[in-house]
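Every read-out reported here was derived from the displayed coordinates using simple, explicitly stated rules and does not represent laboratory data. These numbers come from a predicted model, not from an experiment. Here the Cβ positions follow ideal geometry from the backbone for every residue, glycine too, while neighbour counts run over all protein chains shown.
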Amino acid sequence: MAIRPILRWPDPRLSQACGPAVPGPELDALAADMLATMYHAEGRGLAAPQVGEMVRLFVMDAVWKDGPAEPQVFVNPEILSLSEERVEGVEGCLSIPGVRTLIVRAPEIRLRWTSLFGAVQEATLSGFPAICAQHEIDHLDGIVTLDRLSPEARDEALREMEA
């Protein structure tokens, strides 16, 4: 496992949609590196494009800061459904350090993905895990939190970044 450099916005790779991930030893190694990098950076999620790999893979551990680590790996994730309800919450991003923004998201999602072993998985995620998964899937689609802001809020966030 290696700690990889995390790309910083406005790196153009963070605005590109990712292609499918292909299971195998290289993907296993990438996932291990991403988990090590995420924990090292004290994050709760990390998407492959954030380390310069343009494949649909993200890692997440939504609870490690509050209890034992529960690392998860999501290969080719797909949101099947979103709850109708929306909540606004503060989000940070390892690729936009020091900037925290208010983002509106669904508090519950139904997610399908493949494990590193090739098994198709489905689960309903609620609360912070649902929010985190949506944030990471945004990265796989070339979207960063700044893209979800109004022009005024984006300008304010950019000023915060420059300070």
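Please report, in debye to the nearest 20, how large the charge dipole of region 48-107 is about its Cα centre when each Lys and Arg carries +1 at its beta carbon and each Asp and Glu carries -1 there.
Dipole about the Cα centre, nearest 20: 180 debye.
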- Task: Starting at the first residue of region 10-18, write each ³J(HN,Hα) from the Karplus equation 6.51 cos²θ - 1.76 cosθ + 1.60 with θ = phi - 60°, in whole Hz, x for Gly and Pro.
- Result: x, 3, x, 5, 6, 9, 10, 6, 8
- Message: Going 7 Å from the Cα of residue 70 along its beta-carbon direction, which residues of region 98-122 have the amide nitrogen within less than 19 Å of the resulting point?
- Response: 107-116, 121-122
- Given Cα pairs under 8 Å that are at least 6 residues apart, what percent is the relative contact order of the chain? 24
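For 60, 161, what's the fewest-to-most ordering of other Cβ within 10 Å of each Cβ?
On the way: 60 27, 161 14.
Lowest count first: 161, 60.
At 25 °C and 0.890 mPa s, grab the translational diffusion coefficient of the chain from Stokes-Einstein with a Kirkwood Rh over Cα pairs, rounded to a whole number in µm² per second.
154
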- Gained length - residue 41 relative to residue 123, 0.36 nm times residue gap less alpha-carbon distance: 26.8 nm
- Task: Could you size up the charge dipole of region 1-131 around its Cα centre, putting +1 on the beta carbon of Lys and Arg and -1 on that of Asp and Glu, and report it in debye to the nearest 20?
- Result: 260
- Message: Please list, in order along region 88-98, the HN-Hα scalar couplings obtained from phi with the Karplus expression 6.51 cos²θ - 1.76 cosθ + 1.60 (θ = phi - 60°), rounded to whole Hz, x for Gly and Pro.
- Response: 9, x, 7, 10, x, 8, 5, 8, 10, x, x
- Message: Taking θ = phi - 60°, what integer Hz values does the Karplus form 6.51 cos²θ - 1.76 cosθ + 1.60 yield along region 78-84, in sequence order, with x for Gly and Pro?
- Response: 9, 7, 7, 7, 10, 5, 5
